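Peer 1: Before anything else, here's the structure in question.
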Amino acid sequence: MRLGRAAFNLASALAVTGLVALGIWQVERRTWKLDLIARVEARVSAAPTPAPGPAAWPSVTEASDAYRHVRVSGRFRHESTTLVQAVTALGGGFWVLTPLVSEGFTVLVNRGFVPSDRRDPAGWRRPEGEVVVTGLLRLTEPGGAFLRSNAPPENRWYSRDVAVIASARGLSDVAPYFIDADAGPEGGLPVGGLTVVAFHNNHLVYALTWFTLAAMMLGAAIYVNGERRR
């Protein structure tokens with residue numbers, strides 16, 4: 001009897017400890033997420049800085065560079081544009097990714113969104129000559145979308161996979177990121193400035209769930225031990 005009670009108490013103590021540890025972990029994750037959100041919001045609203053050149057590419061990371069507001073100058077290669085399927089606040093359609101040849105490197109620029117029924121480039125804005133692009137730095141999206149892989153031979157694209165798009169278009173010295181262009185003049189295509197910057201932050205709910213379960217387990221253990229003493 002005593003052995004069974006000891007085993008029950010040990011199991012209860014381990015369960016409560018584990019649940020409390022999970023709750024603390026979620027609190028720490030929430031702190032990290034809030035810091036990440038603050039840093040990204042600061043990058044998005046900051047004045048644009050020069051886009052990283054080849055020397056800086058090895059140090060470009062999601063943690064330090066994603067959603068940085070950058071600028072770059074160069075000439076668009078419109079003949080090498082790639083359409084990537086997209087769903088936006090404006091509906092379904094395509095992102096328009098066009099290479100911009102800058103000094104010493106090329107970068108893919110997401111010029112914006114076009115609806116499915118407006119995919120003919122004849123109706124789009126087509127900047128010629130030297131241009132300056134500002135926008136948000138985004139890291140490559142390898143592979144494709146959920147349950148859909150990019151198919152370069154068929155020219156079907158479901159994600160903005162920089163390396164594969166560059167290879168398919170015969171581009172060289174391409175930055176390992178792309179740029180989501182800022183909004184352009186109203187009324188034209190493509191429509192820029194549609195980047196969604198959002199992070200799920202349910203860690204407080206998860207933490208409260210784990211702490212509640214720990215309290216319930218502790219209460220149950222106290223109740224069972226009290227009943228056994230009667």
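None of the figures in this text is laboratory data; all of them are computed from the coordinates on show. Nothing here was measured: the structure is a model prediction, and the numbers come from that model. Virtual Cβ from ideal backbone geometry, glycine too; neighbours counted across all protein chains shown.
Peer 1: By count of other Cβ within 10 Å, fewest leading, how are D117, D161, D173, D65 ordered?
Peer 2: D117, D173, D65, D161
Peer 1: For the chain, modelled as a Gaussian network with Cα springs under 10 Å, which listed residue fluctuates most, A63, A122, A181?
Peer 2: Greatest mean-square fluctuation among the candidates belongs to A122.
Peer 1: Consider the candidate values [x] 0.97; [y] 1.07; [z] 1.23; state which one is Rg/Rh (Cα atoms, Kirkwood Rh) computed from the structure displayed.
Peer 2: Given [x] 0.97; [y] 1.07; [z] 1.23, the calculated one carries the label [z].
Peer 1: If you don't mind, another one. How would you classify segment 103-144 from its alpha-carbon gyration tensor, with a ≥ b ≥ c the square roots of the eigenvalues: rounded for a/c under 1.5, else prolate if a/b is greater than b/c, otherwise oblate?
Peer 2: Since a/c reaches 1.5 but b/c is at least a/b, the shape of segment 103-144 is classed as oblate.
Peer 1: Per-residue ellipticity at 222 nm for the chain, helices alone: DSSP H runs ≥ 4 residues times -39500 (n - 2.57), over residue total, nearest 500 deg cm²/dmol?
Peer 2: That comes out to -12500 deg cm²/dmol.
Peer 1: Then there is this: Compute the longest continuous run of the chain that contains no exposed GluC sites (Glu not before Pro); treat a site as exposed when its DSSP state is not H, G, I, E or B and it has at most 13 other Cβ atoms within 10 Å.
Peer 2: The segment 1-102 is the longest one with no such site.
Peer 1: Using a ≥ b ≥ c from the Cα gyration tensor of segment 25-143 (square roots of the eigenvalues), is it rounded, prolate or oblate, where a/c under 1.5 gives rounded and otherwise the larger of a/b and b/c decides, a/b for prolate?
Peer 2: oblate
Peer 1: Between G192, G135, G144, find the one with the highest GNM mean-square fluctuation for the chain; connect C-alpha pairs within less than 10 Å.
Peer 2: G144
Peer 1: Under a 10 Å cutoff between Cα atoms, tell me which one of I165, I179, I24 has the largest fluctuation in the Gaussian network model of the chain.
Peer 2: Taking springs between Cα atoms under 10 Å, the residue moving most is I24.
Peer 1: Using the Cα centre of segment 68-181 as origin and beta-carbon charges of +1 (Lys, Arg) and -1 (Asp, Glu), tell me which of S149, I179, F113 is placed farthest towards the positive end of the dipole.
Peer 2: Going by the charge dipole, the pick is F113.
Peer 1: Given DSSP loops and a limit of at most 15 other Cβ atoms within 10 Å, what is the longest stretch of the chain that contains no such chymotrypsin sites (Phe, Trp or Tyr not before Pro)?
Peer 2: Free of exposed loop sites, the longest segment is 1-145.
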